């Protein structure tokens, strides 16, 4: 009987250690999928624009929907942009070196992304404390990201030097 109690206690300790690590690994995988998908979408949009020009023929539907980055039906305003794909955002760098992202228009519920001719294309997370937001500058290929400071998202693919974050 004592051996059984010891075995159960050991299993409980191992589970307490392993389960949080497994959760963090799956969240890192979601973040990596988001980064790769943003880069792929930006490249596909560049190809669409090269082939068909800007307009209705330069729309792209990403092949996957990523948990943590889906449009949740919330209101989409410049102050509180909704999760999902955004195109045409402007990224500015102040003299102090601080990078600011002004979120562009969110793509509609159809899943199609309107490929912008310039600016950036980005994927906003449902919860920036859990998953970073990612931006890809179409004209020069720069990659930016942001997240809630001091959160779990800080360890998931977004590297910051001062106030400049990239992936």
Q. Angle, helix 2-52 long axis vs. longest principal axis of the chain, Cα atoms, 0 to 90°, nearest 10?
A. 10
(Q) If I model a spin label at residue 74 and residue 140 as a point 7 Å from the Cα along the Cα→Cβ vector, what separation in nanometres do I get? (A) 3.1
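Can you tell me which of 132-141, 26-35 comes out highest on packing, and rank the rest after it, using the mean Cβ neighbours within 10 Å?
On the way: 132-141: 19.8, 26-35: 17.2.
Top to bottom by mean Cβ count within 10 Å: 132-141, 26-35.
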Q: Starting from the Cα of residue 152, step 7 Å along the direction of its Cβ; do the same at residue 51; then give the gap between the two resulting points in nm.
A: 3.9
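Taking the mean number of other Cβ atoms within 10 Å as a proxy for protection, how do you rank 17-25, 58-66, 88-96 from highest to lowest?
58-66, 88-96, 17-25
Could you work out the helix-only [θ] at 222 nm for the chain, with each DSSP H run of four or more residues adding -39,500 (n - 2.57) and the total divided by the number of residues, to the nearest 500 deg cm²/dmol?
Working: 1 runs with 51 residues, N = 167.
After summing the helix terms and dividing by the residues of the chain, the value is -11500 deg cm²/dmol.
So, R0 is 30 Å and r is the distance between the beta-carbons of residue 90 and residue 29; what FRET efficiency does that work out to, to 0.05?
Numbers: r = 30 Å, r/R0 = 1.02.
Plugging the Cβ-Cβ distance into 1/(1 + (r/R0)^6) gives 0.50.
Quote the FRET efficiency, to the nearest 0.05, computed for residue 65 versus residue 22 with a Förster distance R0 of 22 Å and r equal to the Cβ-Cβ distance.
On the way: r = 22 Å, r/R0 = 1.02.
So the FRET efficiency works out to roughly 0.45.
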Q.
Please compute the modelled spin-label separation between residue 127 and residue 8, points set 7 Å along Cα→Cβ, answer in nm with one decimal.
A. 3.2
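Evaluated at 25 °C with a viscosity of 0.890 mPa s, what Stokes-Einstein diffusion coefficient in µm²/s does the range 2-166 have when Rh comes from the Kirkwood expression over alpha-carbon pairs? Don't skip to the end; give the middle numbers.
Values: Rh = 17.3 Å.
Result for D is 142 µm²/s.
Only the coordinates and a few stated rules stand behind these numbers; no lab work does. All values derive from a computational prediction rather than experimental measurement. Don't worry about glycine lacking a Cβ; one is built from the backbone with ideal geometry, like all the others, and counts go over all protein chains shown.
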